[in-house]
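The values are calculated or read from the model by the stated rules, or taken from the named source; none is laboratory data. Small disclaimer: the values here were computed from a predicted structure and weren't measured. Here the Cβ positions follow ideal geometry from the backbone for every residue, glycine too, while neighbour counts run over all protein chains shown. Just the protein is used for accessible areas: all its heavy atoms, side chains included, with ligands, DNA and RNA removed. Shrake-Rupley method; radii C 1.70, N 1.55, O 1.52, S 1.80 Å.
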Amino acid sequence: MTMYIDLFRLECTMKILKLFVGDVVEMKKNHPCGSNQFKILRVGSDVRVVCLNCSRDMTLDRIKLEKSIKRFIVSSNPENE
């Protein structure tokens with residue numbers, strides 16, 4: 001029982017990244033074309049991104065994308081404007 005509670009607390013403390021349409025992110029691993037920069041096209045439980053080098057677009061699970069983001073290059077946060 002305590003193991004379940006500990007795992008539940010661990011999952012609740014995960015920080016969710018704020019992703020916005022238009023953000024440009026650098027990923028930890030390169031795309032097969034050699035680039036590691038992607039622009040976010042759609043945000044939800046799945047995130048649609050496009051490679052800035054070869055223009056290939058793909059849909060990734062949000063959790064998987066959040067784990068693979070290295071840094072934000074351009075942020076389109078509407079709160080900053």
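Please specify each residue of segment 62-80 satisfying the condition of being outside any strand (DSSP E or B) and open to solvent by less than 50 Å² (accessible area, probe 1.4 Å). Explain how you work it out, then say what you get.
To start, the set of residues in segment 62-80 that are outside any strand (DSSP E or B) comprises 62-68, 75-80.
Scanning segment 62-80 gives R62, L65, E66, S68, S76, N77.
Being surrounded by 14 or more Cβ atoms within 10 Å (Cβ to Cβ) and not basic (K, R) is the filter here, so list the residues in segment 29-40 that pass it.
Initially, segment 29-40 is screened for residues surrounded by 14 or more Cβ atoms within 10 Å (Cβ to Cβ), giving 31, 35-40.
H31, S35, N36, Q37, F38, I40, listed by residue number.
Quick check on segment 44-56: of everything there that is out of contact with any Phe, Trp or Tyr (no Cβ under 9 Å at 6 or more places or on another chain) and in a strand (DSSP E or B), which residue is nearest to C33 (Cα to Cα)? Explain how you work it out, then say what you get.
Within segment 44-56, the first condition is being out of contact with any Phe, Trp or Tyr (no Cβ under 9 Å at 6 or more places or on another chain), and the residues that meet it are 44-48, 53-56.
Adding the requirement that they be in a strand (DSSP E or B) leaves 46-48.
On the way: D46: 23, V47: 20, R48: 18 Å.
Within segment 44-56, the match that is nearest to C33 (Cα to Cα) is R48.
Output the residue which, of all residues in segment 50-79 that are within 9 Å of the chain's Cα centre (by Cα) and of a type in the set (A, V, I, L, M), is nearest to V25 (Cα to Cα).
Restricting to residues being within 9 Å of the chain's Cα centre (by Cα) and of a type in the set (A, V, I, L, M), the top hit is I69.
Determine, yes or no, whether T59 is at negative phi, open to solvent by 30 Å² or more (accessible area, probe 1.4 Å), at pLDDT 95 or above and of a type in the set (V, I, T). Don't jump to the end; show me each part of the working.
Working: at negative phi: yes; open to solvent by 30 Å² or more (accessible area, probe 1.4 Å): yes; at pLDDT 95 or above: yes; of a type in the set (V, I, T): yes.
Taking the combined requirement at face value, the residue satisfies it.
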